[in-house]
1. What does the extension gain come out to for SER70 and ASP44, with contour length at 0.36 nm per residue minus their alpha carbon separation?
2. Could you calculate the FRET efficiency of ARG89 with VAL15 from 1/(1 + (r/R0)^6), where r is the beta carbon distance between them and R0 is 41 Å, rounded to 0.05?
3. Rank by packing, highest mean first: peptides 102-113, 82-93, 37-48, with packing defined as the count of other Cβ atoms within 10 Å averaged across residues.
4. Please state the relative contact order of the range 105-179 as a whole percent: Cα pairs under 8 Å, 6+ residues apart?
5. Given LYS66/LYS152; LYS66/LYS117; LYS96/LYS117; LYS117/LYS167, which pairs have Cα atoms separated by over 22 Å?
Amino acid sequence: MRTGLKSVGSAVMVVLLIVGCGAVAYARWTRPIADADTALDEGDYARALAGYSAGEARFDRFPPVKQALSTEYNRIVSNELWLLYRLERFDQTIDKAERAPEGAQPHFWAGCAFFDKARAEENTEARLGWLSRAEEEFRRAVEAAPDDWDTKFNFELTTRLAAELRKQPKTPPNQLMQLLRPEPKAGARPVKRVG
């Protein structure tokens, strides 16, 4: 009986040792990601982006780990997309979104980047092209996450703006958003709302 108890105790100790070594190895392996999270909290976007890129590269070198820890990988790529967009690197955001997994919301971020490119574009044909691409990306984002209200709002706004821009293509970039709020007719009184 005593020998059996020693064997079980030894087995438990070996398992705990292996689990502990695995936890330490994972912590060291994901250190760039932890550093990136800290940098993001501190508002150091460039350092955060570099850390997430290093973490993503580590996952990419080991596809089985990437698959087993897909939620963490998606979070890393999503943070990279957010940072690229936030830093106004729209072309990089779009390129990254093309290669990103669905769990990282790539269509949402690509749609945002295309929308901002459209808002800054002077050429009317190119502006409508960027806006149409934003509309398509937001449509795909809504299909991927039908309960996400931010995505729905962006899709509806982009769709309405694209429709109005097709009617009035010569609208200058600084007046695009005014297409969504038409001027009242001359002499018309605003309706008084109660409640």
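1. Working: separation 26, 0.36 × 26 = 9.36 nm, distance 2.55 nm.
Between SER70 and ASP44, full extension yields an extra 6.8 nm.
2. Details: r = 46 Å, r/R0 = 1.13.
In this case the efficiency is close to 0.30.
3. On the way: 102-113: 23.2, 82-93: 17.8, 37-48: 14.3.
Taking the mean over residues of other Cβ atoms within 10 Å, the ranking is 102-113, 82-93, 37-48.
4. On the way: 81 pairs, mean separation 24.5, N = 75.
Rounded, it is 33 percent for the range 105-179.
5. Details: LYS66/LYS152 30 Å; LYS66/LYS117 32 Å; LYS96/LYS117 16 Å; LYS117/LYS167 20 Å.
From the list (LYS66/LYS152; LYS66/LYS117; LYS96/LYS117; LYS117/LYS167), the Cα-Cα distance tops 22 Å for LYS66/LYS152; LYS66/LYS117.
Each reported figure results from applying straightforward, stated rules to the coordinates on display, with no laboratory input. Just so we're clear, the structure is a prediction, and the values are computed from it rather than from any experiment. Here the Cβ is made from the backbone with ideal geometry for all residues, glycine too, and neighbour counts use every protein chain on show.
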